[in-house]
Each structure stands twice: as C-alpha cells, then as structure tokens.
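Peer 1: Supplied in structure tokens, the structure appears directly below.
Just so you know, all these numbers are worked out from the coordinates, no wet-lab data involved. Just so it is clear, the model here is predicted, and its values are computed rather than measured. FYI the Cβ positions are ideal-geometry reconstructions off the backbone, even for glycines, and counts take in every protein chain you see.
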Ligand code: FES
C-alpha cells in the first residue's frame, strides 16, 4: 500500500516536471521567435538625421555633357547629370517604382531604371514605364571647383 502510494507520488512529480519543462521550453521558443521580429519592426528611438547638403567627390569639369554620376546623398544614392546643353542637375537616384537605383543613359539622353525599364526625362519626370512619380529634384550649385547638392527648401 505504501509502495503503491510512493510510486503514484513519483509519477505525479515526474509528470509535473515534464509539464514544467515543456511549458518553459515553449515559452523560450515563442520568445526567441517573436523578440527579434518585434525588434525588427520597431523603429529606432532616434531617426537618422536627414542630410540637407552634400559635396560629391567630383569637380564640375569631370562631368562631361550628356553624362551622369551616382553619388551618396547621406545614406541614399543621388544622381548628378550634365545635360547635353551643359547644365548640371541632380535628383534622388531611387526609382519611384520599387526603389532600384536609376542611371543616366547617354544613348537615350535621359535617366533610366534598369529594373523594369522606367524612363525619366532630364527634369526627373517619369515619361515611360512603371514609375508612378517623378524623381525628387535637388538644387545644384557650383562653388569654385566643388559641386554642392542640396535638398530643395
Ligand atoms: S524599380 Fe524602377 S522601374 Fe521598377
């Protein structure tokens, strides 16, 4: 009678231990899966400072007419172009369709996105393909032998 009671008590203890082990393992698994997801989704407390002005590492005379150059505008790509008429212009290089980096096509004489064949004219206006909006224009100034690119005020 006493042996049966001890055996029953031992089985109950094992059962509780296994239940506790499964419960804590499941909790740890849920935490391990959802914590990184929550951290990824939550924006950082301090946003990246918005860049307002940059000086691309390029002299004005290095950019020939009917050519373009990608440069870094903060953490984003920008595109600086010299039109066939010799005017300097700059835009964000992020395509307004799905965010690919655009490039200048001298053979077409305008800005082109290779991802889905999007076309922008020399004013950054979307003229063909899937891009829904124009490229954001930047202000370009030449100071001595430096090109200064700024966001429009
Ligand atoms: S991302 Fe540029 S055309 Fe689709």
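Peer 1: Give me P(r) over the chain, computed from all C-alpha to C-alpha distances, binned every 5 Å, as integer percentages.
Peer 2: Final binned percentages: 2, 8, 13, 13, 11, 8, 6, 4, 4, 4, 4, 3, 3, 3, 3, 3, 3, 2, 1, 1, 0.
Peer 1: Mind ordering 81-87, 108-114 by average Cβ neighbours within 10 Å, highest first?
Peer 2: On the way: 81-87: 14.7, 108-114: 18.1.
Result, highest mean first: 108-114, 81-87.
Peer 1: Tell me the mean residue ellipticity at 222 nm calculated for the chain from its helices only (DSSP H runs of n ≥ 4, each -39500 (n - 2.57), averaged over every residue, nearest 500). Provide the component values of the computation, followed by the final result.
Peer 2: On the way: 1 runs with 40 residues, N = 153.
Rounded to the nearest 500, the figure is -9500 deg cm²/dmol.
Peer 1: What's the whole-number percent of alpha carbon pairs in the stretch 90-153 lying beyond 17 angstrom? Please list the in-between numbers first.
Peer 2: Numbers: 811 of 2016 pairs.
When every Cα pair of the stretch 90-153 is considered, 40 percent fall beyond 17 Å.
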